[in-house]
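This report concerns only the one structure given below.
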Amino acid sequence: KLSETLDVVRYDKRMEIEDLDHKRIERELRRALADGTGFEMYYQPIVPVGSVTQPVRYEALARWVSPEMGRIAPDRFIKVAEASGLIMPLGWVLLDLVCKDMQRFEGARININVSPMQLMSNGFSQKFTEMVLTHGIEPGQIEVEVTEQIVLRDDATISQELIALSANGFTLALDDFGTGFASIGYLMRIPFDTLKIDRSFVRSIEGGQHGLRMIRSIIGLARAMELTIVAEGVETELDATRLAMAGADFLQGYHFGRPEPLDTHLQKRDPSARASAI
Ligand code: C2E
Ligand code: MG
Ligand code: MG
Ligand code: MG
């Protein structure tokens, strides 16, 4: 009895702390958006199987350092931003940062994450297309990633916006595949180009033959639908070898590189840029 009561108290306490954190993050986000500082995009290489030395794509991943709270993980602040509606202004700030970086990163092909709420606002595809063209970037250089959670919403505006983005020349990726509820019907209705297999799924190959067979059949299905397959969360050489043999087209994960600022990638590409920057 007593332990039950204590559990309830502990649970309430945790909820309270989470609630307070949430409110603090929201307040800090509002302030950061008002002066537009503290946000930065990092880029993680996505390497083609067979020529792992030359990454051809990068995924843009948001980073935020709050003067009050320090570094806050994107999983957390994106969630708060979505719950508070701040994802709309924040989303545009982040997309603008990516466009500016792409201007300095000649020929870059970049994946960007867009949350369902951004796509639910009518006119997202048009506004984003204008933004990209204004920066002198071809829509074909950008792949828009949406998570499987989007399928749960099954919202008509989202479908329309995704179809419009594809018609405007962007490619589309279904992110975190294997964690949610994407049905084959949905995959066929939206013109996805790429399927990103979630790292929790990728982890399952370490468990043995069963996981490996699952991955192989997903890749077979994706291949039949003419989708490009990216495996996420590749942490070891063994993961990489297995996924390549299972038929993945691209690999992404700490084994090939962590997300890093644009300047770090530019220096790797052209070491002389470093000397001239100093
Ligand atoms: P995601 O789009 O699935 O991004 C992949 C996440 O996995 C990134 O976490 C990346 O750092 C991490 N990762 C990559 N390789 C490995 C690996 O080998 N091992 C492990 N353990 N992790 C790996 P990150 O940067 O913390 O981002 C988390 C999530 O936040 C993203 O998941 C995405 O859903 C969201 N997010 C990040 N940036 C943005 C953004 O600009 N806009 C929106 N709407 N969401 C974003
Ligand atoms: Mg992603
Ligand atoms: Mg993912
Ligand atoms: Mg994720």
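The values are calculated or read from the model by the stated rules, or taken from the named source; none is laboratory data. What you see is a predicted model; the values in this text were computed from it and never measured. In this analysis, Cβ positions are derived from the backbone assuming ideal geometry, glycine residues included, and neighbour counts consider all displayed protein chains. These area figures cover heavy atoms from the full protein model, side chains too; ligands, DNA and RNA do not enter into them. Shrake-Rupley method; radii C 1.70, N 1.55, O 1.52, S 1.80 Å.
Within the range 55-95, the set of residues being within 21 Å of residue 254 (Cβ to Cβ) and of a type in the set (A, V, I, L, M) comprises 56, 60, 61, 62, 72, 73, 78. In the set (1) open to solvent by 10 Å² or more (accessible area, probe 1.4 Å); (2) away from ligand 2 (no atom under 16 Å from the Cβ); (3) β-branched (Val, Ile, Thr), the condition left unmet by residue 132 is number (1). Restricting attention to the range 217-267, the residues being in contact with a strand residue (DSSP E or B) (Cβ under 9 Å, 6 or more places away or on another chain) and charged (D, E, K, R) number 6.
In the range 101-127, the residues that are within 15 Å of residue 151 (Cα to Cα) form Cβ pairs under 9 Å with partners that are among the acidic types (Asp, Glu) and open to solvent by less than 10 Å² (accessible area, probe 1.4 Å), at six or more places apart or across chains, as follows: 114/145.
Looking across the range 187-203 at every residue that is more than 16 Å from ligand 4 (Cβ to nearest atom) and surrounded by fewer than 16 Cβ atoms within 10 Å (Cβ to Cβ), the one that is nearest to residue 142 (Cα to Cα) is identified as 193.
Restricting attention to the range 128-167, the residues that are closer than 19 Å to residue 262 by Cβ and either without any contact (Cβ under 8 Å) to a residue 40 or more places away in the chain or aliphatic (A, V, I, L, M) (or both) add up to 8.
Looking at the range 205-226, is at least one residue open to solvent by 50 Å² or more (accessible area, probe 1.4 Å), within 16 Å of ligand 3 (Cβ to nearest atom) and at negative phi? The answer is no; no qualifying residue exists. The criterion of at least 2 residues that are exposed (fewer than 13 other Cβ atoms within 10 Å of the Cβ) is met, among strands (runs of 3 or more DSSP E) falling completely within the range 16-116, by 70-72.
Filter the range 153-186 down to residues that are more than 16 Å from ligand 4 (Cβ to nearest atom) and buried (at least 18 other Cβ atoms within 10 Å of the Cβ), then give me how many there are.
8
The condition (being hydrophobic (A, V, I, L, M, F, W, C) and within 15 Å of ligand 1 (Cβ to nearest atom)) is satisfied by just one residue among 177, 181: 177.
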